[in-house]
Amino acid sequence: MEPDGDASSSTPLKAEGLYWQDCGLVLQAEDTVYRLSRDFLASHSPVFRDMLLIPTPADAETFDGCPLVRLTDSAKDITRFFNALVRYDYFPPHPIPVSFPVVASVLRMSDKYGVDGLRARALAHLSEVHPTTLADFRALPPGLTEHLLIDGLYQARAEVVKLARQLSIDWLLPVAFYRLCQLNPHPHMFTSDITLEDKERWLTGLRLLEGKENNKMIDFLWTPRVIDGCTSRSKCSEERLACRKEAEGWGIIGHKTGGRQLPLDLWDNGDWARLGVCGNCLATMTAEHSTCMQALWDRLPAIFDLPSWGALEARKANMMKQCQLHDYE
Ligand SMILES: [Zn+2]
């Protein structure tokens, strides 16, 4: 057992690669110290600039002969943030993959310390995988989001909701909640630390998606009963009815339904090949399915009691404008 003692008297750890002997400012986050250039930090962050403008009192704390600034952030967040600031290849722009924990730390810290360029870059990483249009959502290649979900699927999905709430990045929420609903909620609902209101959104949304919305979505298989211009009525009817019956077994979370769980995943473009219907039926059904998908997408924010896509997109445009990259001459 370690003897009880004053935590501040234990020797802090010098951050690997972020403790530079030729720099004159030491910063401490938890038990880690960083030695960086005061002017470098001030030139990138208006918050550090203001903080460092305050004259150092004669009896100020020092470390290694340098003035010491104590930060209230976690060492993990600060290490990732300083790495993103000083190493040009540590936090590359989209589409180069970056893990979610790094994006989250950089976003939290660049928001707090006003480093707009990094903030814009982190927002772009998250926005790309949480689209606000159906076309962009369907264009996401399978597996693309995996690099952003590296810390374990469920935990990272809930973390996106938490982060979006902390920093008011509301336009991420419809897709973030939809992704939460793709998981079986039972093992996670009680241990998750998202707010009670958001747990209600999650459960209410899941109930709607699994029930009413899934039923609406599979309607295209059997509505209308007879399609105008059908050239093979009995065969087409038989095919469509068989598929409609099979579809009743889809959409139950936790059952082995081959990933067919929620309305946006129930039917994909590859599935048309399994329907042996005539050309006219196929065209009508394809159009009907597109209409159903778009209508569902339009309702998605309301399903989770969130503002409309229009309102969310306006907030996105506004936030992105606020953190436009500076023009350097
Ligand atoms: Zn037909």
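Some values worked out for this structure:
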{"quantity": "Test: Ser127 is modelled with pLDDT of 95 or more, of a type in the set (Gly, Ala, Ser) and out of contact with any Pro (no Cβ under 9 Å at 6 or more places or on another chain)", "calculated": "no"}
{"quantity": "Residue count for the stretch 221-242, restricted to those that are touching a helix residue (DSSP H, G or I) at 6+ places or on another chain (Cβ under 7 Å), at pLDDT 90 or above and of a type outside the set (D, E, K, R)", "calculated": "6"}
{"quantity": "Condition met for Leu209 (within 20 Å of Leu180 (Cα to Cα) and without any contact (Cβ under 8 Å) to a residue 40 or more places away in the chain)", "calculated": "no"}
{"quantity": "Checking Arg35 against (1) farther than 27 Å from Leu167 by Cα; (2) exposed (fewer than 13 other Cβ atoms within 10 Å of the Cβ), the condition it does not meet", "calculated": "(2)"}
{"quantity": "Selected residue [of a type in the set (Phe, Trp, Tyr), closer than 14 Å to Cys243 by Cα and in contact (Cβ under 8 Å) with a residue 24 or more places away in the chain] from Trp267, Trp272", "calculated": "Trp267"}
{"quantity": "Conditions (1) over 19 Å from Cys23 (Cα atoms); (2) modelled with pLDDT of 95 or more; number of the one not met by Leu85", "calculated": "(1)"}
{"quantity": "Residue that is more than 24 Å from Val102 (Cβ to Cβ) and not small (Gly, Ala, Ser), where the choices are Thr79, Thr56, Thr72", "calculated": "Thr56"}
{"quantity": "Every residue from the stretch 252-299 that is among the hydroxyl-bearing types (Ser, Thr, Tyr), closer than 24 Å to Ile227 by Cβ and either within 16 Å of the ligand (Cβ to nearest atom) or at pLDDT below 90 (or both)", "calculated": "Thr284, Thr286"}
{"quantity": "Hey, Leu312 hydrophobic (A, V, I, L, M, F, W, C) and modelled with pLDDT of 95 or more or not", "calculated": "yes"}
{"quantity": "Options Ala15, Ala29, Ala42; residue that is closer than 18 Å to Tyr113 by Cα and touching a Ser or Thr at 6+ places or on another chain (Cβ under 9 Å)", "calculated": "Ala29"}
{"quantity": "Members of the stretch 38-89 that are surrounded by 16 or more Cβ atoms within 10 Å (Cβ to Cβ) and among the polar types (S, T, N, Q)", "calculated": "Ser45, Thr79, Asn83"}
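Residues are listed down the side, and each one gets a yes or a no for (1) of a type in the set (Asp, Glu); (2) over 30 Å from Asp111 (Cα atoms); (3) more than 16 Å from the ligand (Cβ to nearest atom):
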residue	(1), (2), (3)
Tyr178	no, no, yes
Cys181	no, no, yes
Glu213	yes, yes, yes
Phe220	no, yes, no
Asp228	yes, yes, no
Lys235	no, yes, no
Glu246	yes, yes, yes
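The values are calculated or read from the model by the stated rules, or taken from the named source; none is laboratory data. Keep in mind that what you see is a predicted model, and the values were worked out from it rather than measured. In this analysis, Cβ positions are derived from the backbone assuming ideal geometry, glycine residues included, and neighbour counts consider all displayed protein chains.
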